[in-house]
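Step one of this worksheet: look at the structure below.
The values are calculated or read from the model by the stated rules, or taken from the named source; none is laboratory data. Every value quoted in this text rests on a predicted model; they were computed, and no experiment measured them. With ideal geometry, Cβ positions are generated from the backbone for all residues, glycine too; neighbour counts draw on all protein chains shown.
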Amino acid sequence: MLNQNLEVSVRNARPADAGEITRVFRESWRHAYTGILPSLHLEREIMRRDALWWRRAIATDRNLLVALHGETIAGYASCGRARGGGRDLGEIYELYLAPVYQGLGIGEHMFEACRATLDGLDLERLIVWALEANDRARAFYLRCGGRPTRRSCVRFGNVTSTRIAFEW
């Protein structure tokens, strides 16, 4: 539930947002994956996605959204046609908030903005993947009404983890 006193908006990312998205990415990934992903793999991924990486992503991905609290970027999400899915299946590839903004309802706001984006692409069904060990992400997608439908293994360096698909 969105805190009624919180001014939140969602829009498409702009090139000038790259630095702030980099900050949110680093903070949120460290918060979400420390203790889940091997630390060397986590830090390499964080360092790989610098502001230049995000500027390129913004230039090529029209479905990269940012959540704003006032003028501050609180989170980002990306979505589109599902990788390896059916013609009517959309996917939220990433949805992350800076830790300070978690638990305030902004994630639900971002989730609904992604759903609206996917609806605009005529994608009627939705899938999201979350690591089984990421309790916060799994609880979030369950609260949003997702149902776990399948599992698969994913490799991070020399560690294999299980991921769960949530579908709507």
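Within the range 6-99, which helices (runs of 4 or more DSSP H) (wholly inside it) include 3 or more residues that are charged (D, E, K, R) and surrounded by fewer than 20 Cβ atoms within 10 Å (Cβ to Cβ)?
Working: elements: 18-33, 39-48, 51-60.
In the range 6-99, 18-33, 39-48 are the helices (runs of 4 or more DSSP H) which contain 3 or more residues that are charged (D, E, K, R) and surrounded by fewer than 20 Cβ atoms within 10 Å (Cβ to Cβ).
Within the range 1-57, being basic (Lys, Arg) and in contact (Cβ under 8 Å) with a residue 24 or more places away in the chain holds for ARG11, ARG14, ARG23, ARG49, ARG55. Annotation note: Cβ proximity below 6 Å between a residue of the range 137-157 that is over 16 Å from GLU94 (Cβ atoms) and touching a residue at least 24 places away in the same chain (Cβ under 8 Å) and a residue that is surrounded by 13 or more Cβ atoms within 10 Å (Cβ to Cβ) and of a type outside the set (D, E, K, R) (sequence gap 6+ or interchain) occurs for GLY157/PRO38; GLY157/HIS41.
Answer with yes or no whether TYR141 is at pLDDT 95 or above, aromatic (Phe, Trp, Tyr), part of a helix (DSSP H, G or I) and under 17 Å from the mean Cα position of the chain (by Cα). Yes.
For the range 100-118, the condition of being in a loop (DSSP other than H, G, I, E, B), free of Cβ contacts under 8 Å to residues at least 60 places away in the same chain and among the hydrophobic types (A, V, I, L, M, F, W, C) holds for none of the residues. Please determine, by comparing only the residues of the range 70-119 that are among the acidic types (Asp, Glu) and under 15 Å from ASP17 (Cβ atoms), which one is nearest to the chain's Cα centre (by Cα). Checking each candidate, the answer is GLU94. Take the conditions (1) among the β-branched types (Val, Ile, Thr); (2) surrounded by fewer than 17 Cβ atoms within 10 Å (Cβ to Cβ); (3) in contact (Cβ under 8 Å) with a residue 12 or more places away in the chain; VAL128 misses just one of them, which is (2).
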